[in-house]
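Below is one structure, written out as structure tokens; the observations come after it.
What follows draws every value from the coordinates through simple rules; no lab data is involved. Values in this document were obtained by computation on a predicted structure and should not be read as measured data. Here Cβ is always computed from backbone atoms with ideal geometry, including for glycine, and neighbour counts include all displayed protein chains.
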Amino acid sequence: MEMLSQPNHMESGCAANGAVEAAPLRPAVSSFWDVHAYGCVRSTNEVVKAALREGANEGFCATSLEQRGGYGRQGRAWASPQGGLYTSFALRPQVAPQVLPTLSLVTSLAVADALEHVQPACHPLIKWPNDVLCPVGKLAGISLEALAGGVCVGVGINVYEPLELQQVPGKYRTAFLMEGKAKPGLSDSQRNVMTHLVEAMLDAMEKRYALWCAQGFSAFIDEYSQRFAFRDKRASLELIDGTQTIQGIIRGVDELGRLLVENAVGALVPMSSGEVHVTAFES
């Protein structure tokens, strides 16, 4: 196991006026990962994307306990106060272009595994394609950006309730992995939980990434089905361009990570996350 690299202090020191900035974590991880840890940073995605442009090897990772300009999938703002864990990492997979989007689904499995490792009672499920839920709401979100011959994978996890909770617009309320509010600068016990969580997530991701590179997403379909939140639910799906709404029953995902929707005549229609998003479910 290796300890993290020291952060570039030009990236840190962004806590709000009067706030107590948390000291960076010191996770112990395998040699695959080159972890740069921060107490606060504008965006871990920005750190990793800059590293990719500079030719960083895969395994470069930025993790922070607070962000001032965090964002998720499709550039949506991601509230990132103390209490959450914000991690991004660089990968350089040699896979076919049509396989690359399934990396988001594989990441969601690694995140769910880590959440359950730290808090067995949370029972995480996955909302296609990139959110991790628990019975009371959304625990984590994942983003994927391809650039400079690699991929920046971003993960945001709601661990403790922040001192000032801001609900972000969306279908699901914000949920938290652990009970209690984040202490200013985080308590020792809260830091221990954060450390174990990032270690568990990177360990789970490293193992799944190797298998995904070798066998693609087909190796994970059974595992994904067990975590899939809305299997056999009737749903409304809207085309990304807003021109059409489709009704059907969600049956699962295929080897390319596409949602399999049973239409009115019983045929399974594959739909990618770039084509549709789920707008409603029937109870």
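Wrap a convex hull around the Cα atoms of the chain, take a quarter of its surface area, and give that in square nanometres.
14.8
For the chain, take the longest principal axis of its alpha carbons; what is the angle in degrees between that and the long axis of helix 188-215, to the nearest 10 within 0 to 90?
Once rounded, one gets 50 degrees.
What order do you get for 260-267, 271-278, 231-238 when each peptide is scored by the mean count of other beta carbon atoms within 10 Å, highest first?
So the peptides 260-267, 271-278, 231-238, ranked by packing, come out 271-278, 231-238, 260-267.
Output the 0 to 90 degree angle, nearest 10, between the alpha-carbon long axis of helix 44-53 and the longest principal axis computed from the alpha carbons of the chain.
90
For Thr87, Thr279, Thr174, what ranking results if the residue with the fewest other Cβ atoms within 10 Å of its Cβ goes first?
In order of increasing Cβ crowding within 10 Å: Thr279, Thr174, Thr87.
Quickly rank 130-137, 44-51 as a protection proxy: mean count of other C-beta atoms within 10 Å, highest first.
The most tightly packed comes first, giving 44-51, 130-137.
If one takes the longest principal axis of the Cα atoms in the chain, at what angle in degrees, from 0 to 90 and to the nearest 10, does the Cα axis of helix 102-118 lie?
Roughly 60 degrees, rounded to the nearest 10.
Quick one: which residues, 5 or more positions from Phe60 or on another chain, have an amide H under 5 Å from its amide H? H modelled 1.01 Å from N in the peptide plane, none for Pro or chain starts.
Asp34, Ala90
Tell me what the chain gives for mean residue ellipticity at 222 nm when only DSSP H runs of n ≥ 4 count, each as -39,500 (n - 2.57), the sum divided by the residue total, rounded to 500 deg cm²/dmol.
-7000 deg cm²/dmol
With charges set only on the Cβ (+1 for Lys and Arg, -1 for Asp and Glu), what does the dipole of the range 17-158 come to about its Cα centre, in debye to the nearest 20?
280
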